[in-house]
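The values are calculated or read from the model by the stated rules, or taken from the named source; none is laboratory data. Here the structure is a predicted model, which means the values were calculated and not measured. Every residue, glycine as well, gets a Cβ built from its backbone with ideal geometry; the counts of neighbours run over all protein chains shown.
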Amino acid sequence: MNENKGAIKKMMIILSKATLENVYAAFVLANGARMEGIEAEMFFTFFGLEAVHKKKLEHLHVATVGNPAMHIPTMLGGLPGMEAFATSMMKKEMEKIDMPEVPEFLEILSASGVKMWACRLAMDMFHYKKEDLYEGVDEVITVGDFYKKSEGEGVHMLFI
Amino acid sequence: MEKTIAGKTITVNEEGYLTDFNQWDEKIGEALATEANITLSPRHWEVVKYLQNEQKNQVALSIRRIGKSGLVDIKEFYQLFPNAPLKTATKIAGIPKPASCI
């Protein structure tokens with residue numbers, strides 16, 4: 001931590017969930033790093049793969065069950081259409097604060113030089129192929145490869 | 001705080017951003033760019049002028065807005081100002097650092 005006064009040089013962000021709020025958290029952190037001149041790489045694993053799956057990335061939802069901060073009673077959160085409703089409410093608010101939707105956000109990340117990796121194991125588990133994924137995804141790699149890419153001073157890792 | 005650059009005295013905040021745009025001129029812009037290891041090309045100047053104009057019109061600057069400017073796309077913006085483009089470009093342009101997270 002003493003090198004360069006602990007300056008952050010690179011953020012390695014692991015996204016393992018596909019709920020909209022988690023996907024946005026990962027995207028904002030990656031983009032924010034690039035804006036500060038910090039390198040950023042993302043590793044999409046398990047459900048996080050849906051954020052870069054061509055057929056799914058436009059249909060991500062907010063979690064309305066098991067999320068006390070939604071202030072919706074759990075019983076109601078489980079009703080049909082609740083997730084879609086909460087998601088459309090959230091998207092409206094996001095547009096107001098100039099937050100792009102997932103496809104546009106991916107384009108911004110890609111243009112900003114964020115490296116994107118897909119987890120080999122999760123790809124096999126869900127029977128996804130590389131061509132099912134957004135074009136900005138660089139490669140399908142193993143956990144070991146990801147650790148290798150994380151070497152160096154000033155590199156921080158974040159699991160979402 | 002005061003700072004002498006390109007033979008002039010300017011007032012900057014603790015991060016080095018001009019606090020009064022009236023003190024800015026192209027010579028100062030060039031000197032600030034040199035401090036950021038950037039040699040300004042005509043293309044850089046187009047972006048700098050664009051940012052100043054947006055600031056004048058009180059548009060909140062963000063990376064997303066730059067991408068939609070029609071002047072420069074995000075990829076080229078990062079190529080022109082490789083290290084923290086929005087922060088660097090606004091500093092050179094003599095306008096405040098955008099508070100945007102996106």
**Yes/no for residue B:70 being surrounded by fewer than 17 Cβ atoms within 10 Å (Cβ to Cβ), touching a residue at least 12 places away in the same chain (Cβ under 8 Å), away from chain A (no Cβ under 14 Å) and small (Gly, Ala, Ser)** = no
**Item:** Residue list for the range B:58-85, restricted to those being part of a loop (DSSP other than H, G, I, E, B), at pLDDT 90 or above and among the hydrophobic types (A, V, I, L, M, F, W, C)
**Value:** B:61, B:71, B:72, B:81, B:84
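So which of A:43, A:27 ends up being in contact (Cβ under 8 Å) with a residue 24 or more places away in the chain, buried (at least 20 other Cβ atoms within 10 Å of the Cβ), within 30 Å of residue B:81 (Cβ to Cβ) and touching a strand residue (DSSP E or B) at 6+ places or on another chain (Cβ under 7 Å)?
Being in contact (Cβ under 8 Å) with a residue 24 or more places away in the chain, buried (at least 20 other Cβ atoms within 10 Å of the Cβ), within 30 Å of residue B:81 (Cβ to Cβ) and touching a strand residue (DSSP E or B) at 6+ places or on another chain (Cβ under 7 Å) holds for just one of A:43, A:27, which is A:43.
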**Asked** Any chance the range A:73-82 includes a residue that's assigned to a helix (DSSP H, G or I), polar (S, T, N, Q) and either touching a helix residue (DSSP H, G or I) at 6+ places or on another chain (Cβ under 9 Å) or under 30 Å from residue A:141 (Cα atoms) (or both)?
**Response** yes
**Message:** Among the residues in the range B:5-13, are any in contact with a Gly (Cβ under 8 Å, 6 or more places away or on another chain), without any contact (Cβ under 8 Å) to a residue 60 or more places away in the chain and in a loop (DSSP other than H, G, I, E, B)?
**Reply:** no
**Request:** Within the range A:75-95, identify whether any single residue is at pLDDT 95 or above and aromatic (Phe, Trp, Tyr), and answer yes or no.
**Result:** no
**Message:** Out of A:85, A:146, A:105, I need the residue that is within 14 Å of chain B (Cβ to nearest Cβ), among the aromatic types (Phe, Trp, Tyr) and part of a helix (DSSP H, G or I). Which one?
**Reply:** A:105
**Asked** Would a scan of the range A:110-131 turn up a residue that is within 19 Å of the chain's Cα centre (by Cα), assigned to a loop (DSSP other than H, G, I, E, B) and among the basic types (Lys, Arg)?
**Response** yes
**Asked** Residues in the range A:137-150: is at least one at pLDDT 95 or above, within 21 Å of residue A:20 (Cβ to Cβ) and not basic (Lys, Arg)?
**Response** yes
**Prompt:** Out of the range A:74-114, which residues are without any contact (Cβ under 8 Å) to a residue 24 or more places away in the chain and within 26 Å of residue B:76 (Cα to Cα)?
**Reply:** A:95, A:97, A:98, A:100, A:104, A:111
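Yes/no per residue for (1) touching a Leu at 6+ places or on another chain (Cβ under 6 Å); (2) surrounded by fewer than 21 Cβ atoms within 10 Å (Cβ to Cβ); (3) among the hydrophobic types (A, V, I, L, M, F, W, C):
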site	(1), (2), (3)
A:20	yes, no, yes
A:33	no, no, yes
A:39	no, yes, no
A:48	yes, no, no
A:52	yes, no, yes
A:57	no, yes, yes
**Prompt:** Restricted to the range B:86-102, and to residues that are assigned to a helix (DSSP H, G or I) and touching a residue at least 12 places away in the same chain (Cβ under 8 Å), which residue is farthest from the other protein chains (Cβ to nearest Cβ)?
**Reply:** B:93
